[in-house]
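Reading through the structure tokens given below for one structure.
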Amino acid sequence: MRVVVASRLFPPEVSAGAFRLGALGRVLAARGEDVVVLTSTPPSHAPRTPDAPGVEVRRWPVLRDAGGNVRGYVQYMSFDIPLLVRLIAERFDVAVAESPPTTGLVVALVAALKRRPFVYYAADVWTDGVISMGAPRPVVSVMRWMERSVLRRARAIISVSDEVTDRLTLLGADAGRIVTVGNGIDTDIFTPAAVPADDGSYFVYTGTMSEWQQPDVFIRAFALIAEEHPDLRLRFFGQGSVESELRSLADRLVPGRVVFGGVVSPGESTSWIRGAVASLVSIVPGIGYDFAKPTKTYAAAATGTPVLFAGPSAGADLVRGNSLGRAVEFTADAVAQGMRELLAEAADGTTAAERPRRAAWAQANVSLSAVAEKVADAVERAAQARTRRIMDGSRMTGGGERRSR
């Protein structure tokens, strides 16, 4: 079986979407499938890592914003328009499309032309996202039409959580075609056995810094406790649309105490998380992402490091229900109190004692390899369903010919 994966993000880019598809490619290749990935040329700051064995990766240059992201309508089109030509020229039995819906629509069109099935990997609900960003009504309407069109045409839809599944169903997706696989983290990389970074006492934030996370809440909270802990630091790794605002805020409130380390490899990120007092995770309540369960939570749990989560109930319940750290309201005062409590646990040995249990929970529940196996099953079923229909049609045709004789 020849599988084509179409995504603007793929390793070595450091993002949850890239990790998901990288794991899927590895699993499909290990099963003996012929895997081709049509993706973008990575930014200059991406870590240099080899492609997975058995996965053919074909890259194409795209427009990126100042932070190196393929983010925005023009940037999406710079990937999607060439993708149309690239995909028409490609032979495949089944295609996998990663969001946004613009990419899904291109894949749906080519799949229809070639009479091949495609699978849509829905990690987010993009209509909710553009609404949360205050997009004009015409933009919301177009996005809703595109997303619904992709969902209705996909042979299978991959959802990362029950909450996302509910939102997809409300958008018109056939519940029978949705496969809820959960989300995961690479527990071979994110592990309690990682060598912790030796940088004293610090809290760490890793990954995207965007409007729907607003991690400035952590800087404001840190400013409330900075004098109580003169040796404590706050570290940020990654990039995003609000990074410059975070830097300005840190210089104003706690100059010299907040360090921005840029984009780092997953292995280096693991070391920083492993050595932290806690890993910081946030979702802004009430802007359309209340259902989100960020992979940052899983990465921290896999190393055994506690999470300090600020945000709505889906992410908070995950942390509280599995004793993964602290879940607090999205306010500087509440976050500051959570920081104090986690500093106390680090000092009295609670964090070290809980580390094996938290890591074992992650290994059992959020292994990215296990998630990728479920997705690979769905991809193979989508291709096999078409094969069965062709065979059934051939048998019917043959029977008709015999009767006519």
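Laboratory data are not the source of any read-out in this text; all were calculated from the coordinates shown. Quick caveat: nothing in here was measured; it's all calculated off a predicted structure. Cβ: placed from backbone, ideal geometry, glycine included. Neighbour counts: every protein chain shown.
When only Cα pairs below 8 angstrom with a gap of at least 6 residues are kept, segment 202-365 shows a relative contact order of 23 percent. Please label the shape of segment 202-365 as rounded, prolate or oblate, based on the square roots a ≥ b ≥ c of the eigenvalues of the alpha-carbon gyration tensor (a/c under 1.5 means rounded; beyond that, a/b larger than b/c means prolate, else oblate). Rounded shape, in that the Cα axes give a/c under 1.5.
Since only 353, 219, 280 are under comparison, the one whose Cα sits farthest along the positive direction of the charge dipole of segment 202-365, derived from C-beta charges on Lys, Arg, Asp and Glu, is 353.
Helix 16-30 and the long axis of the chain differ in direction by around 50°, with both axes built from C-alpha atoms. Computed over the chain, the per-residue total of -39500 (n - 2.57) for DSSP H runs of n ≥ 4 gives a 222 nm mean residue ellipticity of -15500 deg cm²/dmol, rounded to 500.
Based on the alpha-carbon gyration tensor of segment 1-117 and its eigenvalue square roots a ≥ b ≥ c, which shape applies: rounded if a/c is under 1.5, prolate if not and a/b is larger than b/c, or oblate?
Details: a/c = 2.06, a/b = 1.14, b/c = 1.82.
The shape class here is oblate.
Evaluated at q = 0.06, 0.09, 0.11, 0.12 Å⁻¹, the base-10 log of the normalised Debye intensity for the chain, with identical point scatterers placed on the Cα atoms, takes the values -0.25, -0.55, -0.81, -0.95. Against the chain, whose longest principal axis is taken from its Cα atoms, helix 332-348 shows a tilt of about 80°.
Only Lys, Arg, Asp and Glu carry charge here, each on its Cβ (+1 for the first two, -1 for the last two); on that basis the chain has a dipole of about 2240 debye about its Cα centre. Using the charge dipole of the chain (Lys, Arg: +1 at Cβ; Asp, Glu: -1 at Cβ; taken about the Cα centre), state which of 171, 84, 291 has its Cα farthest towards the positive end. Checked the options; the winner is 84. Across the chain, C-alpha contacts under 8 Å between residues 6 or more apart give a mean separation that, scaled by the residue count, equals a relative contact order of 15 percent. To the nearest ten degrees, helix 368-404 and the longest principal axis of the Cα atoms of the chain are 10 degrees apart. Counting charges near residue 193 (Lys, Arg +1; Asp, Glu -1) among other residues having Cβ under 12 Å from its Cβ returns a value of +1. Dipole magnitude for segment 191-236: about 120 debye, using +1 per Lys or Arg Cβ and -1 per Asp or Glu Cβ, origin at the Cα centre. Please give me the summed charge of the neighbours of residue 203: other residues whose Cβ is under 10 Å from its Cβ, Lys and Arg +1, Asp and Glu -1. Spelling it out: positives minus negatives among the neighbours equals +2.
When only the Cβ of Lys, Arg, Asp and Glu is charged (+1, +1, -1, -1), the dipole of segment 202-365 relative to its Cα centre reaches about 400 debye.
Under 14 Å from the Cβ of residue 51, count the other residues' Cβ atoms, weight Lys and Arg +1, Asp and Glu -1, and hand me the total.
Once positives and negatives cancel, what remains is +2.
Highest mean packing first, where packing is the average number of other Cβ atoms within 10 Å per residue, the peptides 231-237, 258-264 line up as 231-237, 258-264. The residues 374, 293, when put in order of fewest to most other Cβ atoms within 10 Å, stand as 374, 293. Select from 101, 70, 55 the residue farthest towards the positive end of the dipole of segment 1-134; place +1 on Cβ of Lys and Arg, -1 on Cβ of Asp and Glu, and compute about the Cα centre. Value computed over the given set: 55.
Computed packing ranks the peptides 184-192, 337-345, 268-276 as 268-276, 184-192, 337-345, most packed first, by mean other Cβ atoms within 10 Å.
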